[in-house]
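See structure below.
The values are calculated or read from the model by the stated rules, or taken from the named source; none is laboratory data. Because the structure is a prediction, the values reported are computed rather than measured. Cβ sites come from the backbone with ideal geometry, for glycine too, and all protein chains shown count toward neighbours. All accessible areas refer to the heavy atoms of the entire protein, side chains included, with ligands and DNA or RNA removed. Shrake-Rupley method; radii C 1.70, N 1.55, O 1.52, S 1.80 Å.
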Amino acid sequence: MTTKRALPRAGAKRATIGYAIACLVLLAGLVLALCVGRYPVSGRDLLDLLAAQFGGGAGGSPAAQAVILSVRGPRVLAGALVGAALAVAGTAFQGLFRNPLVSPDILGASSGAALGAVLGIYFSFNVFGIELLAFAGGLAAVVAVYLLGSAIRARDPVLVLVLAGIVIGSLLGAGVGLVKYLADPYNQLPAMTFWLLGSLAAVNPADLAPLFGPVAAGTIGLLLLRHRMNVMSLGEEEAIALGVPTRLLRVAIIAAATLVTSASVAVAGIIGWIGLVVPHLARALVGPDFARAVPAAALVGGGLLLFIDTLARTAAPIEIPLGILTAAIGTPIFIWLLADVQRSWS
Amino acid sequence: MTLEGRRLAIGHGRHVIGRDIDIVLHPGEAVALLGPNGGGKTTLLKTLIGLIPAHDGEVTIGGRKLTRLSARERARLVAYVPQVHVGTFAFSVETVVLMGRTAHMPLFARPSPSDHDATRAALERLGIAGLAARPYTEISGGERQLVLLARALAQRPRFIVLDEPTANLDFGNQGKVIGEIRALAQTGLGVLFTTHDPNQALRIAARVYLMRHGRCVADGPVQDMLTRERLEAVYDAPIRVLSAAGGTAFLPA
């Protein structure tokens with residue numbers, strides 16, 4: 001008998017409003033990214049096209065159809081996926097490492113992927129080869145960090161892991177520097193620089209399948225584990241005492257976050273700040289409970305990266321690298337969040 | 001069902017700090033681990049619930065070896081109340097107590113209505129249902145300790161172990177927490193706690209283990225253990241005893 005229905009869950013109303021805002025951010029990002037550009041598509045064309053996709057209607061103007069389906073569509077899809085993936089991975093890592101200043105590349109995923117990619121460019125591989133090397137580099141770096149962290153027995157395994165990540169990351173950074181130093185300064189170096197700054201410009205429909213697999217698997221895994229992330233964020237001892245198999249869960253969260261980060265970096269290059277800032281925005285919207293913050297981060301992350309990518313495409317005659325825009329936008333947001341400590345993380 | 005440690009050697013890493021410790025906890029009794037700082041009380045506590053592996057000897061719960069139990073099985077039998085902490089994220093009080101239900105949920109599951117009911121029951125039993133929506137980081141130290149107690153209750157264990165349950169609490173909150181701990185034992189839970197204050201052992205516990213330099217130097221009923229001679233030997237300091245109609249209290253002389 002459930003005669004005495006529990007009081008409404010704490011913060012339920014605030015969370016509902018927060019979710020609504022998060023959904024709006026994603027929706028606005030999608031519409032903006034699809035409509036704005038060198039060939040503007042009107043809202044009406046977009047609706048006609050959508051109607052046609054789900055059977056019925058003529059599908060609007062053929063030009064709009066071509067722009068959206070073959071040019072902007074794949075890029076927008078990739079942007080939403082990459083943004084959501086980085087944000088979810090960042091939220092999970094901030095909980096796991098009990099530190100709100102952690103981002104998805106804390107364990108070296110980005111530096112490993114960067115070394116893989118610049119090596120691919122150095123050896124003149126094709127785009128697919130570069131992406132594969134970047135992906136492999138990201139995974140290998142995190143595996144190395146994890147093995148190093150496990151080999152050193154310490155009372156605080158999480159701290160050792162973070163320190164191992166910093167050490168391996170700087171070594172990989174030196175590797176990237178060496179490859180750039182050796183690279184052909186006229187053909188290869190600009191390509192490396194451009195890739196390291198992050199961009200969705202090179203995304204084509206063929207990229208979507210390899211991106212979608214790992215990103216979907218990792219993101220779904222993290223979404224499923226979100227209820228346990230609360231407990232993991234209490235620290236090793238308390239989590240064990242509450243009955244969580246911490247070793248297993250730590251490996252699962254790291255594996256999932258690494259998968260999505262490496263896949264994102266492989267396709268879009270290094271896009272910083274999303275994984276650091278969006279988790280804070282999500283917590284500000286729906287509260288710190290990971291059960292709510294993780295889905296909210298996915299929505300906001302996808303939407304925010306679409307806004308930024310649209311800006312990158314349209315703000316200047318040439319494309320602005322994403323990494324530069326995310327840093328320019330992320331820094332003030334982060335400073336504002338820091339000043340607003342109480343609400344966002346402490 | 002008892003929680004029992006036999007011939008335990010305890011310590012962190014390779015460093016052994018205590019040997020030959022025998023300890024037993026029965027349901028429905030409150031037991032204190034008393035002794036000076038650095039005597040190995042907290043290490044023994046953590047060894048008994050499997051947070052630190054024993055160097056030698058074994059811990060059993062109801063005759064089953066602790067090392068053979070999964071984290072989940074163990075958490076359904078023993079709850080741990082750590083020293084009051086602030087935490088990184090501003091979870092609501094309700095969310096913190098709900099985490100006590102983790103051992104009753106499958107790995108990927110969301111909390112069920114019965115988990116929410118157990119959470120609410122624990123909050124109400126400790127009289128803090130009104131705090132449910134407040135951020136855990138913004139309530140007082142005494143309230144935080146009650147929240148951690150509620151979390152342990154929501155876990156529905158047979159035993160509760162507490163690490164310095166009244167450390168860093170003001171006088172009024174100490175009294176409240178002491179009362180609640182005593183009430184837990186009266187409902188049939190086995191309660192074990194560490195303290196460096198003999199007065200607290202006196203007020204809560206029925207039995208006491210006196211610890212010094214990693215050894216259990218004496219154990220027995222409170223009235224036999226908490227005498228001036230024994231306490232002076234354990235703390236290596238002179239102690240005064242105040243007696244009045246209401247009871248006894250100890251003061252460092």
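Would you confirm whether or not region B:169-178 contains a residue that is touching a residue at least 60 places away in the same chain (Cβ under 8 Å) and out of contact with any Gly (no Cβ under 9 Å at 6 or more places or on another chain)?
no
Taking B:D197, is it acidic (D, E) and either more than 14 Å from the chain's Cα centre (by Cα) or open to solvent by 20 Å² or more (accessible area, probe 1.4 Å) (or both)?
Yes: the conditions hold for B:D197.
Hey, any hits in region B:70-77 for a residue that's touching a residue at least 12 places away in the same chain (Cβ under 8 Å), part of a helix (DSSP H, G or I), open to solvent by less than 10 Å² (accessible area, probe 1.4 Å) and within 9 Å of chain A (Cβ to nearest Cβ)?
yes
Of the residues A:L148, A:L139, A:L132, A:L159, which single one is within 14 Å of chain B (Cβ to nearest Cβ), open to solvent by 50 Å² or more (accessible area, probe 1.4 Å) and either assigned to a helix (DSSP H, G or I) or closer than 20 Å to A:P210 by Cβ (or both)?
On inspection, the qualifying residue turns out to be A:L159.
May I ask you to verify whether B:L3 is buried (at least 24 other Cβ atoms within 10 Å of the Cβ) and more than 29 Å from B:L131 (Cβ to Cβ)?
yes
Tell me which helices (runs of 4 or more DSSP H) are completely within region A:37-125 and hold 2 or more residues being buried (at least 22 other Cβ atoms within 10 Å of the Cβ), or say none if there are none.
A:73-96, A:109-122
Name the pairs whose Cβ atoms lie under 7 Å apart, with the first residue in region A:84-101 and under 15 Å from A:L299 (Cα atoms), the second outside any helix (DSSP H, G or I), and 6 or more positions between them or separate chains?
Close Cβ pairs satisfying both conditions: A:L86/A:I271; A:G90/A:S103.
Of everything in region B:99-128 that's aliphatic (A, V, I, L, M) and within 8 Å of chain A (Cβ to nearest Cβ), which residue is surrounded by the fewest Cβ atoms within 10 Å (Cβ to Cβ)?
Filtering region B:99-128 for residues that are aliphatic (A, V, I, L, M) and within 8 Å of chain A (Cβ to nearest Cβ), the one surrounded by the fewest Cβ atoms within 10 Å (Cβ to Cβ) comes out as B:A109.
Can you name every residue in region A:236-251 that is more than 7 Å from chain B (Cβ to nearest Cβ) and surrounded by 18 or more Cβ atoms within 10 Å (Cβ to Cβ)?
Residues satisfying the conditions are A:E236, A:A239, A:T246, A:L249, A:R250.
Scan (1) open to solvent by 20 Å² or more (accessible area, probe 1.4 Å); (2) of a type in the set (A, V, I, L, M, F, W, C); (3) out of contact with any Pro (no Cβ under 6 Å at 6 or more places or on another chain) for the single condition B:A253 breaks and write down its number.
Failed condition: (3).
In this structure, does A:P210 turn out to be surrounded by fewer than 17 Cβ atoms within 10 Å (Cβ to Cβ) and closer than 20 Å to A:G116 by Cβ?
Yes: the conditions hold for A:P210.
Out of all the residues in region B:27-56, which are at negative phi, out of contact with any strand residue (DSSP E or B) (no Cβ under 7 Å at 6 or more places or on another chain) and either open to solvent by 30 Å² or more (accessible area, probe 1.4 Å) or in a helix (DSSP H, G or I) (or both)?
Scanning region B:27-56 gives B:N37, B:K46, B:P53.
Only one of A:I333, A:I253 is touching a His at 6+ places or on another chain (Cβ under 9 Å) and farther than 18 Å from A:F194 by Cα; which?
Result: A:I333 is the single residue among A:I333, A:I253 that is touching a His at 6+ places or on another chain (Cβ under 9 Å) and farther than 18 Å from A:F194 by Cα.
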